[in-house]
Amino acid sequence: MLDLVHRWIWRDTERRAQKLLRFGATETDGGRDLVRASEVTPDPLLRRLYLVHGIDEHRHGEMFRRRGGELLRELSVDSKPKFQKFQAEWLAPGGHGADDLDVDNESDDGLLAFLHISEKSAAERFTVYRDVLQEDAPTREIFEEILRDEVFHMNYTLVQLARVSPKRHRWHIWRARLSRLWKSYLRLATALAGVIGSLVLTIQYFVLLPPFAWLAKRQQRREQPGWTPIPPERNDSLRRQY
Ligand SMILES: [Fe+2]
Ligand SMILES: [Fe+2]
């Protein structure tokens, strides 16, 4: 069932292009966070690994953006939509999630656990996207190539977490998992609040506004046309502002 939904999401060229461009931005953003992590970590091995990881994410961002641009150029001018396509962002989100990483305030074990969970989820999602993109070989190859890197990221973060925190690495992973779950819930709740808000405002528009419009029109009919003389006590020369 979910496979069919993903097939539908990725079938449309315009939506596919916009998704790839958004994925590109997420990957590049992740790359910047990792470069920052390599600057602040006191661990020499992690510094090298974060840097390699950051360069990988930057490359993924460029690959997604390039392909997204190609797809947009392939679309003819006539078929340009007048509005932004529905992106189904909560059904097919970017690989690393939209969670912003606070690298400066995160310890290496917390960061590694967060990265491990994010990379695992990216690898799972990209596997699905690769499988449903059978009709678009170039995009499929990009997912295939990026997937190999994500699997490496997923594995090295777990190995390094076990090294820097041999006794508490499982606890860190659970904490990262719960934090991710909580952020997913907040995203869902925000989306739901948006839908409910639009619904309530639409009902208000059709239920509360008509009486005011009717009163305003009635008042307008009572207004005398043209200039109206004002009482003499208000007709003094201006001595003050009010
Ligand atoms: Fe990536
Ligand atoms: Fe990655």
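Some points to look at:
- Residue in the stretch 209-218 that is open to solvent by 100 Å² or more (accessible area, probe 1.4 Å), assigned to a helix (DSSP H, G or I) and within 16 Å of ligand 2 (Cβ to nearest atom) present: no
- Residue within the stretch 147-166 that is within 16 Å of ligand 1 (Cβ to nearest atom), part of a helix (DSSP H, G or I) and exposed (fewer than 14 other Cβ atoms within 10 Å of the Cβ) present: yes
- Filtered residues of the stretch 29-65 (kept if touching a residue at least 40 places away in the same chain (Cβ under 8 Å) and hydroxyl-bearing (Ser, Thr, Tyr)): Thr41
- Selection status of Thr26, open to solvent by 40 Å² or more (accessible area, probe 1.4 Å), modelled with pLDDT under 95 and more than 16 Å from ligand 2 (Cβ to nearest atom): no
- Residue in the stretch 41-79 that is surrounded by the most Cβ atoms within 10 Å (Cβ to Cβ), counting only those that are at pLDDT 95 or above and of a type in the set (Val, Ile, Thr): Thr41
- Residue within the stretch 230-237 that is surrounded by 10 or more Cβ atoms within 10 Å (Cβ to Cβ) and not hydrophobic (A, V, I, L, M, F, W, C) present: no
- Scanning the stretch 119-146 for residues being open to solvent by less than 80 Å² (accessible area, probe 1.4 Å) and over 21 Å from the mean Cα position of the chain (by Cα) gives a total of 9.
- Evaluation of Tyr185 against (1) open to solvent by 70 Å² or more (accessible area, probe 1.4 Å); (2) closer than 19 Å to Arg59 by Cβ; (3) hydroxyl-bearing (Ser, Thr, Tyr) (one fails), failing number: (2)
The values are calculated or read from the model by the stated rules, or taken from the named source; none is laboratory data. These numbers were taken from a predicted model, which means no experiment stands behind them. Methodologically, a virtual Cβ is constructed for each residue, glycine included, from the backbone with ideal geometry; neighbour enumeration extends over all protein chains shown. We work out accessible area using only protein heavy atoms, side chains counted, and drop any ligands, DNA or RNA first. Shrake-Rupley method; radii C 1.70, N 1.55, O 1.52, S 1.80 Å.
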